[in-house]
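Input: a single structure, listed below in structure tokens.
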Amino acid sequence: MSVIIAPSVLSADFGNLQRDCEMINQSDAGWYHVDVMDGVFVPNISFGFPVMNVLKKHASKTLDVHLMIVEPERYIQRFAEAGADVLTVHYEASTHLHRSLAEIRKQGMKAGVALNPHTPVSLLHDIIQDCDLVLIMSVNPGFGGQAFIENTYRKVSELKEMILQRNSQALIEVDGGVSESNALALAKAGADVLVAGNAVFATPDPLATIAALHKTANS
């Protein structure tokens, strides 16, 4: 499987969201990455169901929704109804993680678990077979444009080893500070999905940037 590029909608131009959706639809990206923040679990607020409705209307690719919120289990059904294809909850925010993952799958979505930079991947040992995806945060969540944390490579490699040992089918996603400069190294470490926000939307030609990222990660 080739490495998937997932542009982060958080960095899109919300005044021209349909235009940016059409750009992603035409690009080499495989997924949309949608960050939902509540101002409690992380020190920022992003967007909710009104924006999800716009994305559902215009997006022709996988909607990969990352919940950076407390009590994510309260909203699983609503995000399914809003069009999410993949729904990721944070290990740090989910008291009953197994139950949450089971409910996500019951609602017809792929189930993901996100880990903050300080959270070791070893904590997933007893749950990895119930995960369709594990999201490794390579910055502290809450804001775009942060510097990539170098320890991420080790975490990705360690997680890949665990997935293989446990015969899990989980994909590894990396979010934060991803660019052309580290895309290939992340892919070689075992990453399957790379989220890129400012690295895409802050460039003069996002379409070309996505193509370059995809080519680099799969070279």
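The values are calculated or read from the model by the stated rules, or taken from the named source; none is laboratory data. Please read all numbers here as calculations on a predicted model, not as lab measurements. Heads up, the Cβs are rebuilt from the backbone with ideal geometry, glycines too, and the neighbour counts pull from every protein chain shown.
Please work out which residue is farthest from Ala212 (Cα to Cα), limiting yourself to the stretch 42-75 and to residues that are under 16 Å from the mean Cα position of the chain (by Cα) and in a helix (DSSP H, G or I).
Taking the candidates together, the pick is Pro72.
Results for (1) more than 17 Å from Ala111 (Cβ to Cβ); (2) of a type in the set (Val, Ile, Thr); (3) in contact with a Pro (Cβ under 9 Å, 6 or more places away or on another chain), shown as yes or no for each residue.
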position: Glu150; (1), (2), (3): yes, no, no
position: Lys155; (1), (2), (3): yes, no, yes
position: Lys160; (1), (2), (3): yes, no, no
position: Arg166; (1), (2), (3): no, no, no
position: Ala185; (1), (2), (3): yes, no, no
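Just to verify a result, which residue in the stretch 39-96, among those that are among the aromatic types (Phe, Trp, Tyr) and modelled with pLDDT of 95 or more, is surrounded by the most Cβ atoms within 10 Å (Cβ to Cβ)? Please lay out each step first, then the result.
Taking the stretch 39-96 as the starting set, the residues that turn out to be among the aromatic types (Phe, Trp, Tyr) are 41, 47, 49, 75, 79, 91.
Filter once more, so that each one left must be modelled with pLDDT of 95 or more: 75, 79, 91.
Details: Tyr75: 20, Phe79: 23, Tyr91: 17.
Looking at the filtered set, the residue picked out is Phe79.
Is there any pair linking a residue in the stretch 189-217 that is part of a loop (DSSP other than H, G, I, E, B) to one that is of a type in the set (Ser, Thr, Tyr) and modelled with pLDDT under 95, with Cβ under 8 Å and at least six apart or on different chains, and which?
Final answer for the pair search is Gly197/Ser11; Ala202/Ser11.
Regarding Val200, is this residue aliphatic (A, V, I, L, M) and farther than 22 Å from Ile127 by Cα?
Details: aliphatic (A, V, I, L, M): yes; farther than 22 Å from Ile127 by Cα: yes.
Here the answer is yes, as Val200 does meet what is asked.
Among the residues of the stretch 15-41 satisfying the criterion of being free of Cβ contacts under 8 Å to residues at least 12 places away in the same chain and not in a loop (DSSP other than H, G, I, E, B), which is farthest from Glu180 (Cα to Cα)?
Initial filter on the stretch 15-41 (free of Cβ contacts under 8 Å to residues at least 12 places away in the same chain): 15-16, 19, 39.
Filter again for not in a loop (DSSP other than H, G, I, E, B), leaving 15-16, 19.
Working: Gly15: 27, Asn16: 25, Arg19: 24 Å.
My answer is Gly15.
Identify all residues within the stretch 55-84 that are charged (D, E, K, R) and free of Cβ contacts under 8 Å to residues at least 40 places away in the same chain; write none if there are none.
Taking the stretch 55-84 first, the residues charged (D, E, K, R) are 56-57, 61, 64, 71, 73-74, 78, 81.
Scanning the stretch 55-84 gives Lys56, Lys57, Lys61, Glu71, Glu73, Arg74, Arg78, Glu81.
Can you pull out every residue in the stretch 9-38 that is of a type in the set (A, V, I, L, M, F, W, C), more than 20 Å from Ala82 (Cα to Cα) and either modelled with pLDDT under 95 or in contact with a Gly (Cβ under 6 Å, 6 or more places away or on another chain) (or both)? Quick ask: steps written out before the conclusion?
Filtering the stretch 9-38 down to residues of a type in the set (A, V, I, L, M, F, W, C) leaves 9-10, 12, 14, 17, 21, 23-24, 29, 31, 34, 36-37.
After this cut, where a residue has to be more than 20 Å from Ala82 (Cα to Cα) as well, the list is 23, 29.
Result: no residue meets the conditions.
Can you tell me which of Leu123, Leu159, Leu135 is assigned to a strand (DSSP E or B) and either modelled with pLDDT under 95 or hydrophobic (A, V, I, L, M, F, W, C) (or both)?
Leu135
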